[in-house]
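Peer 1: Below is a structure I'd like to ask you about.
The values are calculated or read from the model by the stated rules, or taken from the named source; none is laboratory data. Note that the coordinates shown come from a computational prediction; the quantities given were computed from them, not determined experimentally. Cβ placement follows ideal geometry from the backbone for every residue including glycine, while neighbour counts extend to all protein chains displayed. Just the protein is used for accessible areas: all its heavy atoms, side chains included, with ligands, DNA and RNA removed. Shrake-Rupley method; radii C 1.70, N 1.55, O 1.52, S 1.80 Å.
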Amino acid sequence: QVQLQQSGAELVKPGSSVKISCKASGYTFTSYDMHWIKQQPGNGLEWIGWIYPGNGNTKYNQKFNGKATLTADKSSSTAYMQLSSLTSEDSAVYFCARRRLGARYWYFDFWGPGTMVTVSS
Amino acid sequence: DIRMTQSPASLSASLGETVNIECLASEDIYSDLAWYQQKPGKSPQLLIYNANSLQNGVPSRFSGSGSGTQYSLKINSLQSEDVATYFCQQYNNYPLTFGSGTKLEIK
């Protein structure tokens, strides 16, 4: 069955970077976009961007240009998101989510459990 | 960006009741709308896509409707396990955007 396993919670200092992971199993990793979504405590959901592991293509929400960098390792079926120049505004839970296959299906049929990132000195 | 205005922000209803959650898009999204359920401490789960298609495994008491800019999620015969926050998401245009959520509680 499809599973997305995310790395554990991170406590990081302002100004630093963090890289979180999302290991996929139960499907062909290279055939599906992987998306990343941010959720701040008590807040809604913000879409960050996607990566297509098959060829490494990416697309970002302009708001996260320069903040988030998406990569993928086909050999381990793992997607990564690096967040840089961290501030308190980056404290949130970050989800990876698989997009349903199909040209017009830009919604998410499987989600990871989330990785909490806390930015604090 | 397409703004998704969700209402109400919170809702309290009795077991067995029917509830409706609304989502208003700032422009026509041509039924490119999904609904998710997020239980406390968990990740969102897909309920509805294409505005009115039920995701496999989702109980039939959940249904979606709407077109243009106005959409709704209906839950019939409310059950205790339906306590959650519900989000809509448009996928007609980038960036993909979500509603702010509706927190559903049992009265």
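Peer 1: In nm, give the distance between the simple-model label positions of B:SER77 and A:THR71, each being 7 Å from the Cα along the Cα-to-Cβ direction.
Peer 2: Going from the B:SER77 label point to the A:THR71 one covers 5.2 nm.
Peer 1: Just the accessible area per residue of the protein assembly as shown, please: how many Å² with a 1.4 Å probe?
Peer 2: Result: 46 Å² of accessible area for each residue.
Peer 1: Tell me, how many Å apart are the Cα centres for the range B:1-41 and for the range B:88-105?
Peer 2: Here the answer is 8 Å between Cα centres.
Peer 1: Further question: Give me the distance in nm between label points sitting 7 Å out from Cα along the Cα-to-Cβ direction at A:ALA103 and B:ALA9, one decimal.
Peer 2: Computed distance between label sites A:ALA103 and B:ALA9 equals 4.2 nm.
Peer 1: Report in % the part of the accessible area of the range B:1-57 that belongs to carbon and sulfur, leaving out ligands and nucleic acids; probe 1.4 Å. Write out the running numbers ahead of the final one.
Peer 2: Values: 1260 of 2890 Å².
Here it works out to 44 percent.
Peer 1: Turning to a different aspect of this structure: Quick check for the protein assembly as shown: number of Lys pairs with alpha-carbon distance under 22 Å, counting only pairs 8 or more apart or on different chains?
Peer 2: 29
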